[in-house]
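Colleague: Quick one: the structure is below, and I'll ask about it shortly.
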Amino acid sequence: MFISSLSIGQNTILWSISDSLVGKQSFLLGTYHQMGNSFVDSIPQIKLALSSSDLAVFETVGVNDDISNYMNNRENNYDYKKILKKSDLVYLENLSQNWNVPISKVFPIELLLKLNQTYSVKICGTVKSTDEWDHFDKYLMSLALKDTIPLYGLETDSMQIQQINNLSKSKVTWTDVKRPIHKILMDIKYQRHRKTYCRPAVDYMTMQFNYQFTDSCSDKDLESRNDKWITQLDKMLLTKNCFIAIGLLHLYGKCGLIVQLRQRGYKVEPIELKIHK
């Protein structure tokens, strides 16, 4: 259940970015990717910030279809059927009926990650049955295009595919993930451990988290991506009113974009949000 008014400071996902030298007004939004459009619709300030911008900036633009096509071009591999429990296979086949990429095309670690995302969507209520969109960023892109606001991706198709390649080179085997996959499947089926699995989603929807601005970043890949992005953002913010929407974790810690923007002289302030039920 959402609270109707949120205290300013840590309890927000939307920040204003301004620079006294050029007079541009931009916005930074921390997203939760597996979130339906009803959440966005419940916060008027998000749409207002987007509609007032000259450029909408995302981690990637239109790359999901390219990644799906890339993975679907792999050869079918049915080794998972030899390893996973028969009862798990039956439930897994039913669960994956509408997936863009069939199980025979994914690697063990990819399936495990997909099932964790599935739990969030099916059990944690991040996507409602009435939602037309089940991806936060994609919905925002559709709104931007509707308002004829140009889109910009901080990462290219090839960069995203390279990350998939790096993941697929993992030495994790189907035998390694047999037990974890069984566990997550049973957790989904019987809605077990909701408090543990759903905590990130609930914390996000109620905006109860800590940006940890004074803490060092332990995720080196995230830190590297932020360092590459800040160079691009710095140039755009000097010439355009930008709406920047990226995963919430990219705003965390000393390496986060909020701290890095402030270090470059930008005034980055939290925006108090009101959620309409």
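Colleague: Which one is nearest to Q45 (Cα to Cα) among residues in region 244-257 that are more than 17 Å from the chain's Cα centre (by Cα) and buried (at least 21 other Cβ atoms within 10 Å of the Cβ)?
Modeller: Narrowing region 244-257 to residues more than 17 Å from the chain's Cα centre (by Cα): 253-255.
The next check asks that each one be buried (at least 21 other Cβ atoms within 10 Å of the Cβ); those that pass are 253, 255.
Working: G253: 25, C255: 26 Å.
The selected residue is G253.
Colleague: Any idea which of (1) in contact with a helix residue (DSSP H, G or I) (Cβ under 7 Å, 6 or more places away or on another chain); (2) surrounded by fewer than 14 Cβ atoms within 10 Å (Cβ to Cβ) is the one T31 doesn't satisfy?
Modeller: (2)
Colleague: Still on this structure: For L48, are the conditions met, namely being free of Cβ contacts under 8 Å to residues at least 24 places away in the same chain, hydrophobic (A, V, I, L, M, F, W, C) and either out of contact with any strand residue (DSSP E or B) (no Cβ under 7 Å at 6 or more places or on another chain) or closer than 30 Å to D176 by Cβ (or both)?
Modeller: yes
Colleague: On to the next question. Give the residues of region 176-193 that are of a type in the set (A, V, I, L, M) and farther than 13 Å from L111 by Cα, sorted by residue number.
Modeller: M186, I188
Colleague: Looking only at region 12-27, which residues are in a loop (DSSP other than H, G, I, E, B) and either farther than 16 Å from T239 by Cβ or not aliphatic (A, V, I, L, M) (or both)?
Modeller: T12, I13, D19, S20, G23, K24
Colleague: Sticking with this structure for a sec: Kindly provide the set of residues from region 53-84 that are modelled with pLDDT of 95 or more and among the basic types (K, R), ordered by number.
Modeller: Selection gives K81, K82.
Colleague: In addition: So which residues in region 89-107 are part of a helix (DSSP H, G or I), farther than 18 Å from D187 by Cα and either hydrophobic (A, V, I, L, M, F, W, C) or at pLDDT below 95 (or both), if there are any at all?
Modeller: Within region 89-107, I103, K105 meet the criteria.
Colleague: Any idea which of (1) surrounded by fewer than 18 Cβ atoms within 10 Å (Cβ to Cβ); (2) closer than 21 Å to K24 by Cβ; (3) in contact (Cβ under 8 Å) with a residue 24 or more places away in the chain is the one E223 doesn't satisfy?
Modeller: All conditions are met except number (2).
Colleague: Mind checking which pairs have a first residue in region 105-118 that is among the charged types (D, E, K, R) and a second that is in a helix (DSSP H, G or I), Cβ under 6 Å, 6 or more apart or different chains?
Modeller: Taking only residues 6 or more apart or on different chains, the pairs are K105/M71; K105/N72.
Colleague: Can I ask one more? Take K122 and decide whether it is modelled with pLDDT under 95, surrounded by fewer than 16 Cβ atoms within 10 Å (Cβ to Cβ), out of contact with any Pro (no Cβ under 7 Å at 6 or more places or on another chain) and not in a helix (DSSP H, G or I).
Modeller: So K122 fails the test.
The values are calculated or read from the model by the stated rules, or taken from the named source; none is laboratory data. Keep in mind the model is a prediction, meaning the values are calculated, not measured. Neighbour counts are summed over all protein chains in view; Cβ atoms, including those assigned to glycine, are modelled from backbone coordinates with ideal geometry.
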